[in-house]
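Written out below as structure tokens is the structure these notes cover.
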Amino acid sequence: VSGYVDDFRMQNLSVDAMDSTRLRIDGHVRGLPRVEATAFQLNLKEFRTTRSDLKRVLVDSLIPTGIAIPDWMSLDGRISGTYQRPDLDARLRTSDGVVTANGKLDLNGKGSYDLLVEARDLELGKILKNKELGAIDIKAKAVGSGKSIYDIDAKINFLLSRLTYKGYDYKELR
């Protein structure tokens with residue numbers, strides 16, 4: 001890490017913690033400590049952890065009882081912009097499937113978004129502790145604005161390529 005709090009760069013920053021948690025990142029951050037003025041360009045090479053490491057740092061009340069945390073998780077990707085206007089291209093790989101997200105958000109005012117989210121081999125039933133649900137493959141593209149259910153104005157294209165429910169396979173649901 002080089003620079004000062006208000007303008008610093010990270011190159012090959014690597015942090016290992018607990019038994020299985022690791023962070024590897026490159027990036028440039030400007031504007032701290034004023035969060036609203038902070039801009040960043042981050043290349044998250046790897047943020048990896050396990051269920052056992054998470055349970056060591058999270059209080060039980062933060063983990064919903066209806067959600068099962070995957071055995072392991074690994075996040076990588078790029079994020080740039082500001083906390084109010086981030087651009088992202090990220091991939092979350094887990095023991096229970098893969099989720100990718102690519103797009104732009106604008107959290108100012110009414111808010112807007114242009115986001116593509118995909119999940120492959122996502123063990124939804126395992127994650128939601130629902131034995132009737134199996135794995136899903138899904139792709140959703142949302143372009144619009146609004147921050148609450150009452151002011152959303154969006155176009156959503158949705159393709160559920162595969163869903164297993166109660167032992168039946170459903171394919172190509174739009």
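For the chain, what does the convex hull of the Cα positions come to per residue, in cubic angstrom?
Working: hull volume 24.5 nm³, N = 174.
So the per-residue hull volume is 141 Å³.
Show me, for the stretch 112-125, the HN-Hα J-couplings you get by feeding each phi into the Karplus relation (A = 6.51, B = -1.76, C = 1.60, θ = phi - 60°), rounded to Hz, glycine and proline as x.
Going residue by residue, I get 8, 7, 9, 9, 10, 10, 10, 10, 10, 6, 7, 7, 4, x Hz, with x marking Gly and Pro.
On a C-alpha basis, how far is the centre of the stretch 12-81 from the centre of the stretch 122-142 in Å? Whole number, if you could?
Taking the Cα centre of each part, the stretch 12-81 and the stretch 122-142 sit 23 Å apart.
Of the heavy-atom accessible surface of the stretch 40-174 (probe 1.4 angstrom), what whole percent is carbon and sulfur?
Numbers: 4860 of 8670 Å².
Taking all protein chains in place, the stretch 40-174 shows 56 percent carbon and sulfur surface.
How much accessible area per residue does the chain have, counting only protein heavy atoms and a probe of 1.4 Å, in square angstrom?
Counting only protein heavy atoms, the per-residue value for the chain is 65 Å².
Please give the calculated 222 nm ellipticity per residue for the chain, where each DSSP H segment of at least 4 residues contributes -39500 (n - 2.57) and the sum is spread over every residue; nearest 500 deg cm²/dmol? Mind dumping the intermediate values first?
Values: 2 runs with 11 residues, N = 174.
-1500 deg cm²/dmol, from helical runs alone.
Per residue of the stretch 24-31, what does 6.51 cos²θ - 1.76 cosθ + 1.60 with θ = phi - 60° give for ³J(HN,Hα)? Whole Hz please, x for Gly and Pro, Karplus curve as stated.
10, 8, 10, x, 9, 10, 10, x
Could you count how many Lys pairs in the chain have their Cα atoms under 17 Å apart, skipping same-chain pairs fewer than 8 positions apart?
Taking the chain as the scope, the lysine pair count is 13.
Using only the alpha-carbon atoms, what does the stretch 1-57 span along each of its principal axes? Please give whole angstrom values in decreasing order.
Principal-axis extents of the Cα atoms in the stretch 1-57, largest first: 36, 23, 15 Å.
Dimensions of the stretch 49-114 along principal axes (Cα, Å, largest first)?
Principal-axis extents of the Cα atoms in the stretch 49-114, largest first: 36, 23, 19 Å.
Of 116, 105, 72, which is farthest on the positive side of the dipole of the stretch 69-120, counting Cα position, with +1 on Lys and Arg Cβ, -1 on Asp and Glu Cβ, and the Cα centre as origin?
105
Highest first, please rank the peptides 48-61, 17-30 by the mean number of other Cβ atoms sitting within 10 Å of their residues. Before the final figure, lay out each step's value.
Details: 48-61: 13.7, 17-30: 15.4.
Result, highest mean Cβ count within 10 Å first: 17-30, 48-61.
Could you tally the net charge around residue 26, taking each other residue with its Cβ under 14 Å from the Cβ of residue 26, Lys/Arg +1 and Asp/Glu -1? List each step's numbers first, then the result.
Numbers: positive: 9, 24, 45, 78; negative: 46, 76.
Spelling it out: positives minus negatives among the neighbours equals +2.
What relative contact order, as a whole-number percentage, does the stretch 99-174 give when Cα pairs under 8 Å and 6 or more residues apart are counted? Spell out each step's value before the answer.
Working: 167 pairs, mean separation 18.0, N = 76.
Over the stretch 99-174, the number comes to 24 percent.
Work out Dmax and Rg for the stretch 118-174 from the C-alpha atoms and quote the Rg first, both in angstrom.
13.7, 38
Of the candidates 46, 118, 36, which one comes out as most mobile in a Gaussian network treatment of the chain with C-alpha springs shorter than 10 Å?
36
Sort 128-138, 1-11 by packing, meaning the average of other beta carbons within 10 Å per residue, with the highest value first.
Working: 128-138: 15.2, 1-11: 11.6.
The densest-packed peptide leads the list: 128-138, 1-11.
The values are calculated or read from the model by the stated rules, or taken from the named source; none is laboratory data. Just so it is clear, the structure is predicted and the values come from calculations on it, not from any experiment. Cβ sites come from the backbone with ideal geometry, for glycine too, and all protein chains shown count toward neighbours. Keep in mind that these areas ignore ligands, DNA and RNA; they rest on the heavy atoms of the full protein, side chains included. Shrake-Rupley method; radii C 1.70, N 1.55, O 1.52, S 1.80 Å.
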